[in-house]
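Participant: Take this structure, written in structure tokens, and hold onto it; I'll ask about it next.
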Amino acid sequence: MVDQAAVRASKKGRVARLVAVLAGVGLLIHGSVRGTDDLWPFGPMSQYAMSVPGNTSIDDIRISALTDAGTTVDVPLDSGGVGIGRAEIEARTGEIVADPALLQPVADGWAHKHPDKPQYVRLELIRDTTTLIDGRVSGPPASKILAVWPVRR
């Protein structure tokens, strides 16, 4: 059973925490004043600070899977889903289109992390394109299947 009495930090502990907080705040202020991405995470990350033109198209890459339960699902591209991140797939889109077998590790990652759930039997690499007109979405995204892979077991 946990003792409910309050535990107080020693004077050294409080001073150490205060120094750590002041150092962190100082680094953030320094990075913000200098304003360069080289100082990330203690400076701006300008790649997220850009605007999108009002009349443009935005592409989004995703993977869809047909499962052995007969359902179609979007593959969770993250460490908890298949162990492969969305950025890794986006960076290799051209390679995957040229060689759809590169999708096999996606199915393998799902099978390894989720053996008790429906397994993937077919994967599709899909590009969804959203069109903006005057800065507003002009309709549902247009989807194009870029690659198809029948999963090997």
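The values are calculated or read from the model by the stated rules, or taken from the named source; none is laboratory data. Quantities reported herein were computed from a predicted structural model and do not represent experimental measurements. For neighbour counting, all protein chains shown are included, and Cβ atoms are generated from backbone atoms with ideal geometry for every residue, glycine included. SASA here: full protein model, heavy atoms, side chains in, ligands and nucleic acids out. Shrake-Rupley method; radii C 1.70, N 1.55, O 1.52, S 1.80 Å.
Participant: Inside the stretch 62-86, can you point out the residues that are at pLDDT 95 or above, hydrophobic (A, V, I, L, M, F, W, C) and in contact with a strand residue (DSSP E or B) (Cβ under 7 Å, 6 or more places away or on another chain)?
Facilitator: Ile63, Ala65, Leu66, Val73, Val75
Participant: Could you tell me which residue of the stretch 96-132 is most open to solvent (accessible area, probe 1.4 Å), considering only residues that are of a type in the set (S, T, N, Q) and either on the phi > 0 side of the Ramachandran plot or assigned to a strand (DSSP E or B) (or both)? Quick ask: steps written out before the conclusion?
Facilitator: At the first step, the residues of the stretch 96-132 found to be of a type in the set (S, T, N, Q) are 104, 119, 129-131.
Retained after the next criterion (residues that are either on the phi > 0 side of the Ramachandran plot or assigned to a strand (DSSP E or B) (or both)): 129-131.
Working: Thr129: 33, Thr130: 33, Thr131: 55 Å².
Filtering the stretch 96-132 for residues that are of a type in the set (S, T, N, Q) and either on the phi > 0 side of the Ramachandran plot or assigned to a strand (DSSP E or B) (or both), the one most open to solvent (accessible area, probe 1.4 Å) comes out as Thr131.
Participant: State which residue is most open to solvent (accessible area, probe 1.4 Å) when the search covers only the stretch 53-95 and only residues that are among the basic types (Lys, Arg) and touching a residue at least 24 places away in the same chain (Cβ under 8 Å). Show your work before the answer.
Facilitator: Taking the stretch 53-95 first, the residues among the basic types (Lys, Arg) are 62, 86, 92.
Then drop every residue that is not touching a residue at least 24 places away in the same chain (Cβ under 8 Å), which leaves 62, 86.
Numbers: Arg62: 55, Arg86: 93 Å².
Looking at the filtered set, the residue picked out is Arg86.
Participant: Of a type outside the set (Phe, Trp, Tyr), surrounded by 12 or more Cβ atoms within 10 Å (Cβ to Cβ) and either part of a strand (DSSP E or B) or over 22 Å from the mean Cα position of the chain (by Cα) (or both) - does that describe any residue in the stretch 133-140? Don't jump to the end; show me each part of the working.
Facilitator: The initial filter retains those residues of the stretch 133-140 that are of a type outside the set (Phe, Trp, Tyr), namely 133-140.
Filter once more, keeping what is surrounded by 12 or more Cβ atoms within 10 Å (Cβ to Cβ): none.
No.
Participant: Tell me which residues, restricted to the stretch 96-117, are under 20 Å from Ser79 (Cβ atoms) and either touching a residue at least 12 places away in the same chain (Cβ under 8 Å) or touching a helix residue (DSSP H, G or I) at 6+ places or on another chain (Cβ under 9 Å) (or both). Can you show your working first?
Facilitator: Applying the first criterion (under 20 Å from Ser79 (Cβ atoms)) to the stretch 96-117 yields 96, 102-117.
Matches in the stretch 96-117: Ile96, Leu102, Leu103, Gln104, Pro105, Val106, Ala107, Gly109, Trp110, His112, Lys113, Lys117.
Participant: Moving to a separate point now. Test each condition in (1) more than 30 Å from Ser51 (Cα to Cα); (2) in contact with a strand residue (DSSP E or B) (Cβ under 7 Å, 6 or more places away or on another chain) for Ile89 and report the one that comes out false.
Facilitator: Tallying (1) more than 30 Å from Ser51 (Cα to Cα); (2) in contact with a strand residue (DSSP E or B) (Cβ under 7 Å, 6 or more places away or on another chain), Ile89 fails exactly one: (1).
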